[in-house]
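Have a look at the structure below before the remarks.
The values are calculated or read from the model by the stated rules, or taken from the named source; none is laboratory data. Treat the numbers as computed from the prediction; the structure is a model and nothing was measured. In this analysis, Cβ positions are derived from the backbone assuming ideal geometry, glycine residues included, and neighbour counts consider all displayed protein chains.
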Amino acid sequence: MTKADQNMTGDAIGKVEAELGQGADVSDKSGTGLTAGNFRQLAKNGIGDPANAYVHGMEWYDGKLYCGMTRNSFKLLKLFPPIDPPALDPWPVDVPPKVQDLDMQGQIWRWTPETDEWELAYRSPLIDGKHGEPAPRDLGYRGMEVFQGKSDSKPMLYASTMSTVLRGCAAHVLRSEDGLNFEPACEPGIGNDNISTFRELVGFDGYLYAPPAGEGIQFNSNRTGVLMRSNDPKPGNWEVAGDLGFGDSKNNGIFMMTVANNQLYAGTFNNYEGYQVWTTPPCGDGPLQWRKVIDKGAHRGPLSEIAMGMVEFNGALYVGSSIQNGGYDRTNLVGPAAGEVIRIWPDDSWDLLVGMPRETPDGMKYPLSGIGPGFDNIFSGYTWRMCVHDGWLYVTTFDWSVFLQYAHRPSPTAKKLVDAVSFEQMAEVGSGFEMWRTKDGVNWMPVTINGMNNPYNYGGRTMVSTPKGLAVGTANVFGGKSPARFASRWEYIENPDGGTEVFLGDPGTTSYVIPKPKKDKAKTVDIAATGATGYIGRHLVPKLLDAGYTLRLLTLPGTRDDIPAHKNLEVIEGTLEDPATLAKLVDGAGIVLHMAARLAGACTLEQLRETNVEGTHNLIRACSDSKALKRFVFCSSVAAYQNQFNEKEWPIHESHPLRVDGGHDLADYGMTKIASENLARFYSNKHGYEHSILRFALVYGVGDPLVDLMARKNAPEPDFGQGQGGEQPRQFVHIDDAVEAIARACFEDGAKNETFNVAGPDVITYRDVGRMTRIAIGTPSNDDLDPDRTRVWRRYVQQYDISKGKNKLGFYPSVPFAEGLRQIIEAAQAEGALPRPNDKVTRETAKNTGFQADFANPSRKEGKRNEASAKPKSISEPKKQIAN
């Protein structure tokens, strides 16, 4: 392929977009791992109580899912503001005059999978407050752990609390045998009356560890509480497990703990130099042997203030960094900055996986994923939680961009971004927490970048792997009334998307279940379709048959055997130029689905019009006398739009001007689609049946005629994506999403007489394709591992507006391009068409392949970039003084 081909002109794209009905047959080789479409919502609006703002603790115990709730977090922040409160006007939630008007009693809810029902398992008791008024003992339940102490007859459910030291008492560790009755397993604060919360509970070497994470009115920092442990919590036997701050006065306590490689790890909060990570081997009942393995925020400094997420995965410890209060610690003047991900090996060596390149005592470190801080999102102040499920590591973030609509003094960077794309588009495309997954630490796929389609879910607060799937609980403080903007004022109204939500991800869950066929005496077949042997058709037909539909398919002469036989399937050979064959095809069909089209550039203009326009006209005329036809579904193309590659006119809505002339392949093809759309509308109105028109972006996936070939043949080359066209954003759509869109157009009431754009959830460039491919096969260049700062802005770009499909069809494309490309690359690797990285490449890449030596070369042009080059120091994100 020439460099001109590599640059992928609009004509070349249009040629492949036209190929809806053609392509070689390959088996589906999609890998495992969850997409957004695999998650179903278990609960919303705080499980029926919008005051529940955070799912803090979460655990699977005795066959049920337990969720520890913290309530009214942002209302409490308004009533007890910090020294420098967030500059938000109006305040994001409606707040009563005094705290006594709020129900602050923490709750624990549990979900039973057999009944798919929730029940309130426990509610904090009220105690005699310090000021003569009743006060809740527990504001929330921040951590949970299943542990069996010496006096426990079986594993018990332990929960750590958040408490109001000012009004009530210090925090507790609670213990439950049945998940309904929770009793204190320690005295308040485990002997320290100033402890406001214990964040994590971790079982290790026969002991339960409880690190204090807050004191007084603070819930994130602690300078007086030491790490405690107990091998017998039931009678309240606890002992000190380490020196205060590990002997470093700059540590503000232990923020996160976990077990990895049979060692106990602890991560600190250090706003002076950056987090530290300490570890100890099992020591039985003897003193622990703590030693420091990571210092100074992995040499990023205070911009990696907190070790917030920690988990063992594939023999290494993964650590996610954060800055308190959403990524900007105004109290300590740290930030703003987004979080990173590093990986620590048992020999204490470490890799930078997601983050900012920098010099370290071990040499220059570049992120092995090529992804910058916050997964290229400046608003992702936390790398919040990490969880291993079914062989994949999942990571969630905190994204504060939803607060921009209330920001009184937004940062210059944030203001510029809002002015460029609008807050509404940011909220639609990329506000809300993100979830990413990886199975090697190097190649990452987004699961969601918009809070599971709810921008008010600004945090993926907690996750737990269960036998039923991956459970996720959100941070969403917008329960109750939130400000709504009217023409001249703000007004507080009920927010239907407010309150914490819980999701469960399982591969068996799909984003759309095709409804079962409805009986109709007028029809003899459910669906008649053209283009069934094409790329989309080969994926759609089996799903329709599995759902119980009877199909009649038109195929070109000599291709009948390309369609596997099925009892509910009838195949007719013929062409769109044969009226008799078409009449037979549509006779008695309840739905007619037209996918077939000729490829622009592969035939003469006369042949193109003959098939795409006259052929469509012939098919529609054959439907004119049908008594059974309910809906005609036509697969069109975004090639119908005028100036579709002009970024100034993005995002392109369905009402965007259509082409008015041809002159080249893409334009000629688009003109045939416009003519066919007009025919579909005219005849459906004339004869009284419904129509639905889908304008597809380029459809890709394993075996497609463009991206698959590109990944196998061209993208591995070092210069692929360079030059003119390599940086132009494109919004493709994965085959799974394309199939879902057609199914919804066939069966959903919202599709009636409507036209929809069908495109994927994100945009990419051909440079992205090359970078991701080379990283996946283990041959990245230095430039591939240097984060592309333009992705910070480009993540909010949409070439095609897909909001109409969301609103009317419930169609939310769930396969981001990185996931679709992963499937293609892994299929090619399985066939031997692409190399696999050496099993040790994810570790050795940074050590022995020459990257480290190259990165350390001071003559390299980009080698000295720093965080300031990615965004101005003057960003002032809204501060969030709430527990993380």
Scope the range 753-793; condition surrounded by fewer than 21 Cβ atoms within 10 Å (Cβ to Cβ) and of a type in the set (Phe, Trp, Tyr); matching residues: TRP793
Being within 16 Å of PHE747 (Cβ to Cβ), modelled with pLDDT of 95 or more and part of a loop (DSSP other than H, G, I, E, B) narrows ILE527, ILE514 down to just ILE514
Across the range 438-455, the tally of residues that are polar (S, T, N, Q), part of a loop (DSSP other than H, G, I, E, B) and in contact with a Ser or Thr (Cβ under 9 Å, 6 or more places away or on another chain) stands at 3
Given (1) surrounded by fewer than 20 Cβ atoms within 10 Å (Cβ to Cβ); (2) modelled with pLDDT of 95 or more; (3) at positive phi, index of the condition GLY469 fails: (1)
So, first residue assigned by TED's automatic domain parsing to the domain that holds TRP345 and surrounded by fewer than 18 Cβ atoms within 10 Å (Cβ to Cβ) in the range 277-290, second residue at pLDDT 95 or above and charged (D, E, K, R), Cβ within less than 6 Å, six or more apart or across chains; the pairs are PRO282/ASP205
Would you tally the residues in the range 401-424 being in contact with a Lys or Arg (Cβ under 9 Å, 6 or more places away or on another chain) and modelled with pLDDT of 90 or more? 3
Pull up the range 590-610, narrow it to residues that are in a helix (DSSP H, G or I) and either free of Cβ contacts under 8 Å to residues at least 40 places away in the same chain or outside the structural domain of ASP668 (by TED's automatic domain parsing) (or both), then point me to the one that is surrounded by the fewest Cβ atoms within 10 Å (Cβ to Cβ). GLU606
Could you run through the range 437-465 and say how many residues are closer than 30 Å to ASN838 by Cα and not charged (D, E, K, R)? 10
For the structure I just gave you, tell me whether ASN332 is under 29 Å from MET435 (Cβ atoms), modelled with pLDDT under 95, polar (S, T, N, Q) and surrounded by 20 or more Cβ atoms within 10 Å (Cβ to Cβ). no
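Within the range 301-328, how many residues turn out to be more than 23 Å from the chain's Cα centre (by Cα), under 15 Å from GLY274 (Cβ atoms) and touching a residue at least 60 places away in the same chain (Cβ under 8 Å)? Walk me through it before giving the result.
Step one: of the range 301-328, the residues more than 23 Å from the chain's Cα centre (by Cα) are 301-303, 305, 315-316.
Subset that is under 15 Å from GLY274 (Cβ atoms): 301-303, 305.
Filter again for touching a residue at least 60 places away in the same chain (Cβ under 8 Å), leaving 303.
Residues flagged as more than 23 Å from the chain's Cα centre (by Cα), under 15 Å from GLY274 (Cβ atoms) and touching a residue at least 60 places away in the same chain (Cβ under 8 Å) within the range 301-328 amount to 1.
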So for the range 485-495 (the condition being out of contact with any strand residue (DSSP E or B) (no Cβ under 7 Å at 6 or more places or on another chain), buried (at least 24 other Cβ atoms within 10 Å of the Cβ), among the aliphatic types (A, V, I, L, M) and part of a loop (DSSP other than H, G, I, E, B)), does at least one residue qualify? no
For the range 167-186, which positions are touching a His at 6+ places or on another chain (Cβ under 7 Å) and surrounded by fewer than 18 Cβ atoms within 10 Å (Cβ to Cβ)? PRO184
Taking into account only those residues within the range 187-237 that are on the phi > 0 side of the Ramachandran plot and in contact with a Pro (Cβ under 9 Å, 6 or more places away or on another chain), which is surrounded by the most Cβ atoms within 10 Å (Cβ to Cβ)? ILE190
Candidates ARG489, ARG485 - the one that is out of contact with any Gly (no Cβ under 6 Å at 6 or more places or on another chain) and without any contact (Cβ under 8 Å) to a residue 24 or more places away in the chain: ARG489
Whichever residue in the range 355-379 is in a strand (DSSP E or B) and farther than 12 Å from ASP788 by Cα and, among such residues, is farthest from the chain's Cα centre (by Cα): GLY363
Scan the range 694-706 and tell me whether some residue there is crowded, with 22+ Cβ neighbours inside 10 Å, modelled with pLDDT of 95 or more and part of a helix (DSSP H, G or I). no
Tally time: how many residues in the range 264-313 are among the hydrophobic types (A, V, I, L, M, F, W, C), out of contact with any helix residue (DSSP H, G or I) (no Cβ under 9 Å at 6 or more places or on another chain), on the phi < 0 side of the Ramachandran plot and outside any strand (DSSP E or B)? 2
Positions within the range 573-589 being of a type in the set (A, V, I, L, M, F, W, C) and either crowded, with 16+ Cβ neighbours inside 10 Å or not assigned by TED's automatic domain parsing to the domain that holds THR672 (or both), in sequence order: LEU576, LEU582, ALA583, LEU585, VAL586, ALA589
Is at least one residue of the range 626-639 without any contact (Cβ under 8 Å) to a residue 24 or more places away in the chain, of a type outside the set (Phe, Trp, Tyr) and in the same structural domain as GLY725 (by TED's automatic domain parsing)? no
For strands (runs of 3 or more DSSP E) lying entirely in the range 81-131, having 1 or more residues that are in the same structural domain as LEU174 (by TED's automatic domain parsing), surrounded by fewer than 18 Cβ atoms within 10 Å (Cβ to Cβ) and modelled with pLDDT under 95 picks out 126-128
Quick one: would you say GLY548 is farther than 19 Å from SER684 by Cα and either of a type outside the set (A, V, I, L, M) or in the same structural domain as THR672 (by TED's automatic domain parsing) (or both)? yes
Report the residue count in the range 519-546 for those that are within 29 Å of PHE39 (Cβ to Cβ) and surrounded by fewer than 16 Cβ atoms within 10 Å (Cβ to Cβ). 2
